[in-house]
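Below is one structure, written out as structure tokens; comments come after it.
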Amino acid sequence: MSSPDRTEQNTAVFTIQAAADPGVLPEAFGLFAKHGLIPSRWVGNTHAHDARLFLTVEVDGTADDAARRMATALRRIMCVETVVTDSRILAAKRA
């Protein structure tokens, strides 16, 4: 049950695994910009022993269909191996 001074907000979560190539980051973040999405949080790390990049990007206020389109676009980036999407419903205080 939600409180009258709270609203629910959908957050799309994208988990990306790619080859550790320096071109992956600008391509991925460029796609978010192209789709009019501004990531609210992101974490990235590399594993040097297997030359992999792992990136998790969260975007608040993203509808499920927009998240699916974004995931499809991310999968088309050269060197991207997998993209897993999830969504969270977060309660946000109304201003």
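The values are calculated or read from the model by the stated rules, or taken from the named source; none is laboratory data. Just so you know, these numbers come straight off a predicted model, no measurement behind them. All Cβ positions, even for glycine, are placed from backbone atoms using ideal geometry, and neighbour counts span all protein chains on display.
Does residue 66 meet the test of being loosely packed, with under 11 Cβ neighbours inside 10 Å, at pLDDT below 95 and out of contact with any strand residue (DSSP E or B) (no Cβ under 7 Å at 6 or more places or on another chain)?
So residue 66 fails the test.
What are the residue pairs meeting all of these: first residue in region 74-87, first residue under 21 Å from residue 23 (Cβ atoms), second residue in a loop (DSSP other than H, G, I, E, B), Cβ atoms under 8 Å, and 6 or more apart or on different chains?
78/21; 78/23; 79/21; 79/23
Go through region 59-83 and give me each residue that's in a loop (DSSP other than H, G, I, E, B) and within 15 Å of residue 28 (Cα to Cα).
Within region 59-83, the first condition is being in a loop (DSSP other than H, G, I, E, B), and the residues that meet it are 61-63, 76-79.
Selection gives 76, 77, 78, 79.
Looking at residue 43 and the list (1) surrounded by 14 or more Cβ atoms within 10 Å (Cβ to Cβ); (2) in contact with a strand residue (DSSP E or B) (Cβ under 7 Å, 6 or more places away or on another chain), which single condition is not satisfied?
(1)
Given (1) over 13 Å from the mean Cα position of the chain (by Cα); (2) modelled with pLDDT of 90 or more, identify the lone condition not met by residue 89.
Result: residue 89 fails condition (2) only.
Can you tell me which residue is surrounded by the most Cβ atoms within 10 Å (Cβ to Cβ) among those in region 20-37 that are farther than 11 Å from residue 77 by Cα and of a type in the set (A, V, I, L, M)?
Here the residue is 37.
Kindly establish whether residue 41 is more than 12 Å from the chain's Cα centre (by Cα) and free of Cβ contacts under 8 Å to residues at least 24 places away in the same chain.
Here the answer is no, as residue 41 does not meet what is asked.
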